[in-house]
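The values are calculated or read from the model by the stated rules, or taken from the named source; none is laboratory data. Keep in mind it's a predicted model, so treat the numbers as computed, not measured. Backbone-built Cβ (ideal geometry, glycine too); neighbour counts: all protein chains shown. Accessible surface is based on the protein model in full, side chains and every heavy atom, while ligands, DNA and RNA are left aside. Shrake-Rupley method; radii C 1.70, N 1.55, O 1.52, S 1.80 Å.
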Amino acid sequence: MKLPLLRAIYLGTAIAVVAVTSAFIVWHLSNLRGSYSAGLIMQGGYNQPNDESPKWLDALVPSPGQITGILPGSSAEAAGLGTRDHVIAINGIPIDDSETISELDRTVRSGDTVSYTVRSGERERVVRLRLIPTLSGFRPWFSLITDLLVAAAFLGIGFLVFTRRAEDLRARLFFIFSMSAGCSYLLIPIILQPNLSPIGIRFVAVGMYALSLPIMVIVTYLLSTSLLHLALVFPKPLRLVQRRPELSAWIYALPVTLIALLFLTGLFVGLLEGLFNDGMTRLGPFVGLVLLGAAAALAVRLRQRFSEGGWLTGWVRHPWPTAACTIIVYLALTVGGLGLLAGIGLSDGLPVGWGFLLIGSVLLAFIAIPFVYPGLACVALVAGYRQADVEEKRQLRWPLWGTIVALAGTVLVGLTVYVFTLLPLGGIGRHLNMSYLVIKALYVLIPISFAIGIFKYRLMDIDVIIRKTVIYTAVTGILLVAFFAQAAVAGAFLALLTGTQSLWGIVLATLGAGALLLPLHRRVQRFVDRRFFKSKFDYPRALAAMEHAAAEATERGVLTRRLAEMTLAAMHCRALAVFLQTDASRSYRIVEAIGMPDGWAERGLLAAEAAFADSRTVHREELAPAAARLWQKMGLEVAAPVRVGGAAAGLLAVGRKQPARHLEEEDLDFLVQAAGVLGDGLARLRLRQQHQDLELARDIQRQLLPQQIPVRAGMEIAAAWQPSRGVGGDYYDVIELGDGRLAVALADVAGKGMSAALLMSNQQAALRALTGLGLPPRELCERLNRTLHPQMPAGRFITLFYAEYDPASRRLTYVNAGHCPPLLVRPDGRAQRLEEGGLFLGPFPKRGYVQGAVELAPGDRLVLYTDGVAEAEDGRQEQFGEDRLLAMVRDGIVLSAAELVRRIEAAVQDHCNGEPQDDLTLLVLAVV
C-alpha cells in the first residue's frame, strides 16, 4: 500500500474515532445538567430469578438491588453503606417495581431526601439519603479535566509521531497505542467514573453501558496489543522476533481468538438452549457429534498442511489458521460436549461442570490479556534496551522507564486497592477515587517520556527543530503547570483523606500541599537551568576519562568504540562516525557508527583529500559534492582529523547536537582534542602491536638458532646472540655433517630490524639446504651467493664466515665472505686472523671464493664474532675494538667456551652501558 493512502487511512480513522468519542462525551455531559445522585450504585435488573437457571450463574452475577459502588463524599458513604448491602425498596417501593421507581425518579429533584430500605446480612434498616447534583463540588470537574488532559497528551504525541514517520512500523504502532490510550481516557468519565454519570436514585444506565463498555473493551485490547508489538520492535526488532517473525501475528491472533470464542460460544449455547426448550433433545447429541467430527477433520487437514519442520513448529508458524482451528475445536468440545452430555440423559452436574471449566478458562484468559500483555511489554522493552547500542539506549531510556513506571505502578496500585476492598476499613469509594488519581498521574508519564525522547534525543529519527530558548520556555512552563497540578492533586488527596466538603477547606489543603512541594519544584527548576544554560559540558573531565580509557584499551575495535561512545555522550550529538584508513588505497572507511540510519555505515567510503591533512576541522561543505551528499544522508556535519605519527590516519565526524543545535567553538575544540586522544590511542596500540610482533619475530628467529649445540669429544662450542631491536640480522649455526664433522657458520646482514631478520632467515634456509649436498666450503659459498643474489635488495649484503671442522684430524676448512676475521688464539698467546675467502654475499652473482685451512691443537680458542662486538661504543664513542677482544681471549685462554662467551658478552655490555648500537653475536670453539 502506498504511503499517502496509508497515512490517509490511519489519520482518517483516528480523526473519525476521536470525533465520535468527543461528541459522545459532549452529549453525555449535556445530559448531566439537572441530574442528581444519592451516591450509591446498585445492580440493575428487575426480572424474577429463573429457578431453572444454573445456580453457579447466580454466584457470578450480583443480584438485583445489590450495592456495587459508593461515591466518595456522598450521603451514601456518610450513612455507612457498603458493597455487601442490598437495597430492597426505595421510598417503600420494591426494587422489582420498575415502572413505579421510574416514576419516582422523574418526580424527585436535587436536594430531596429519599428513603432506602437496605438489608445487611440478616438485618434490615431504613437509610435516608439526600440527593445532590451530579456535577456539584470540586471532584467531578477535577477528574474530568485531568482525564481530558491525559487524553490530549496521548493524542497529541501520537499524531506528532505518525505525521513525521508514517512509513515506520514503530510510528504506526505507537500511533495506534496513543489513539487507544487517548480514547480510553475520553471514555473513562462515562464508564469508570460514576460521579460523572446520571445515576439518579438507582443505577439505570444499562443502555449506556451496553454501548460504551464493548467499545472500552476493544480500545483496551488495541492498547495492550499495540503496546506489546511496539515493545518487540522498539528501538529495533528483538533477536527473538527476527528469528520468529510470526510472534507479531500471534500478538493479535490470541485476543481475536478469545473474543471469537466468547461470542460464538454464547451464540451456540443459546441455539442449543433453544433446541432443548423446544423439546428437540435428540438434536443435542447430533450437534455435538457434528461439531466434534468437523473439528477432527479440520485438525487432520491442517496437520498435513503444517507438517513441515515438525508438527508443533508448523502450527506455530501459521497463527491465523491455527487460531481458526482452535476456535472450531473449542466450540466442538464446549458446545458439542454439552449437547452430547446433556442429550444422553446424564445429571445436570456433569455438563454444567464441563461448560463451567471450559468457558471459565477462556473468560479468565480474556480478562488476563490486558494485564499480561503490558507485563510482557515491559520485559520486551528491557530486552530491547540491553540489545541496543549507545545512541539507541539514550533514545530509549526515557520511554523505557516512563512506560515501566506507569505500568508497574498501576499494577501495584490496583493490587493495593484490591486488598483494601477485602478489608473492613470502610470508605471504599474514597480509596478508589484516590487510586484512580494516582494511576492517572502514572499514565501521563508515558506520553511525557516519549515527548522527551523525541525532542531531546531524536527518537525514531523524528526531527523537531525548536530553538533552545523556546524549549527552555516550554519546559519551564510545563514544570510550572506540573507544580500546580501536583499541588492540586495533593490537595485533593488531603481533602479526600479528611473528608472535607468545604471550598475553603479544599483551598487551604491545596495551598498547604503547594508549600510542601515548593522546595522540590525549585530544585528541579535549578537543574533545568543548569542543563540549558551552562556554557558547556564538563569537557576536561570527559577528556580525562577518554585518556584513561585509551590507555586501557588493548584492541583497536575496543578503543574506537569506547571513545566514540564517550565523545557522543559528552557532546550530545545525534550521529557519530569514526573513519580510518584500513588498506593501502588510503581511502577512509567507517569502523564505528552511532546514530545513523542502517546501511549507511557500510556505504560510507571516503576518498582521501588534502584538507584532511592540513585542516584543524573539516566541515561537510568542504568535501567533494558526492562525499558531502553522503555525509548529509548520514547526518554528519563536521570532523576532526585523527593524526597518527603526524599523518591523518582517520576522521572523527559528528552530527548536530541534541536538540537541533549547531556546534559552537568550544564543541569544535573538544572534538579536535577527542580526535587527538583517539590518534594517541591508535599510535599507542600500533607501537604495542609492533612490540608484540617484534617479540613474536624474536621468538621465531631464536627458534632458527641451534636449540642444542652438538657435542664432540675433544671440543666445546658456546654462543651468544643479542639483537639490538628485538630481531636482527646476525645469525650463527652449528650443523652436523657426515663422518662426525661439524659445520660452523656466523653471518651478519647489513642493516638492523625486521628487514635484516627476513634476509637472514632466507640465508639460513639456503645454507642448511646446501650443507646437505656435501660441497666444499668454497663451492658452497659460491652457490649460496648465486642463490641469494635475486632476493637481495639494493644496498644490502650479507657477510659470512663458514667453516667445517673434523674433530678426528682437528682440521678446520673455512671461507670468510667479507666477515670480521675470527681470532684463533693459541695457548702461548699467539693469534691468527682467519681472512681467506672473498667478498660478501648477495650484490654480485659471479664471485669466486678462496678456501683456507688451519690445524687446531688442544688449548686453542677460536672466537667468531660480528661487528656489533668490535664496534660497540661507550658514551665517548670509543669502540670496544679487536685489540680489547684479543686481550680478553688471551687472559681467559684456560676458560671453558661457555665461560669465555659470558665474560666477553658482559664486557661488551658494560662498555656500551647495556645499550648496544648493533646486533651482538659471538661464538667460541675451544679445543680441549
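Can you send over the carbon and sulfur percentage of the accessible area for region 705-927, probe radius 1.4 Å, protein chains only?
For region 705-927, the apolar C and S fraction of the accessible surface comes to 47 percent.
I'd like the accessible area for Tyr443: 1.4 Å probe, protein heavy atoms, all chains in place, Å² to the nearest 10.
40
Check which residues have an amide H placed less than 5 Å from Val642's amide H, if you skip close sequence neighbours.
Amide H neighbours of Val642, under 5 Å, 5+ apart: Ala649, Gly650, Leu651, Leu652.
From the C-alpha gyration tensor of region 830-883, pull out the three semi-axes of the equivalent ellipsoid (sqrt of 5λ each), sorted largest to smallest, in whole Å. Each step should come with its number before you reach the end.
Values: eigenvalues 134, 97, 11 Å².
Each semi-axis is the square root of five times an eigenvalue, giving 26, 22, 7 Å.
Please name whichever of Leu652, Leu605, His548 sits farthest to the positive end of the charge dipole of region 539-692, dipole taken about the Cα centre and charges placed at Cβ: Lys and Arg +1, Asp and Glu -1.
Final value for the positive-end residue is Leu605.
Multiplying the sequence separation of Arg239 and Arg522 by 0.36 nm and subtracting their Cα-Cα distance, what value in nm do you get?
Contour length minus Cα-Cα distance gives 97.5 nm.
Leaving out ligands and nucleic acids, note down the accessible area per residue over region 539-692 with a 1.4 angstrom probe, in whole Å².
46
Suppose accessible area is computed on protein heavy atoms with a 1.4 Å probe; arrange Cys378, Cys781 from highest to lowest.
Cys378, Cys781
Under a 1.4 angstrom probe, counting protein chains only, how are Phe263, Phe670, Phe844, Phe366 ranked by accessible area, largest first?
Numbers: Phe263 140, Phe670 5, Phe844 85, Phe366 40 Å².
These residues rank, largest area first, as Phe263, Phe844, Phe366, Phe670.
When only the heavy atoms of the protein chains count and the probe is 1.4 Å, how do Asp97, Asp667 rank by accessible area, highest first?
I get Asp97, Asp667, largest accessible area first.
Got a sec? Charge dipole of region 829-928, +1 on Cβ for Lys and Arg, -1 for Asp and Glu; which of Gly837, Leu920, Leu886 is way out at the positive end?
Towards the positive end, the residue furthest out is Gly837.
Any chance you could look up the accessible area of Glu547 with a 1.4 Å probe, heavy atoms only, rounded to 10 Å²?
110
Can you give me the solvent accessible area of Glu552 with a 1.4 Å probe, rounded to the nearest 10 Å²?
120
What FRET efficiency comes out for Val316 versus Ser615 if R0 is 60 angstrom and r is the Cβ-Cβ distance? Round to the nearest 0.05.
It comes to 0.55.
Taking 0.36 nm per intervening residue step and subtracting the Cα-Cα distance, what contour gain separates Phe371 from Trp401 on full extension?
Numbers: separation 30, 0.36 × 30 = 10.80 nm, distance 1.81 nm.
Roughly 9.0 nm would be gained on extension.
Just to verify a number: FRET efficiency for Arg84 and Glu167, C-beta to C-beta distance, R0 = 60 Å, to 0.05?
Numbers: r = 56 Å, r/R0 = 0.93.
That gives a FRET efficiency of 0.60.
Which FRET efficiency value, to the nearest 0.05, do you get for Ser30 and Asp680 by plugging their Cβ-Cβ distance into 1/(1 + (r/R0)^6) with R0 = 60 Å?
0.25
Evaluate the distance, in nm, between pseudo-label points positioned 7 Å from the Cα of Val850 and of Leu758 along their respective Cα→Cβ axes.
The two pseudo-label positions are separated by 3.7 nm.
So with the 1.4 Å probe, I'd like the accessible area per residue for region 705-927, rounded to whole Å².
42
Any idea what the relative contact order of region 539-692 is, in percent, if you count C-alpha pairs under 8 Å spaced at least 6 apart?
The value is 26 percent.
What list of ³J(HN,Hα) couplings, whole Hz, do you get for region 715-720 from phi and the Karplus terms 6.51, -1.76, 1.60, once you set θ to phi - 60° and write x for glycine and proline?
Running phi through 6.51 cos²θ - 1.76 cosθ + 1.60 with θ = phi - 60° gives 7, 10, 9, 9, 8, 9 Hz.
In Å and on Cα atoms, what radius of gyration and Dmax does region 539-692 show?
14.3, 45
At Thr107 and His789, where each label point lies 7 Å from the Cα along Cα→Cβ, what is the point-to-point distance in nanometres?
13.5
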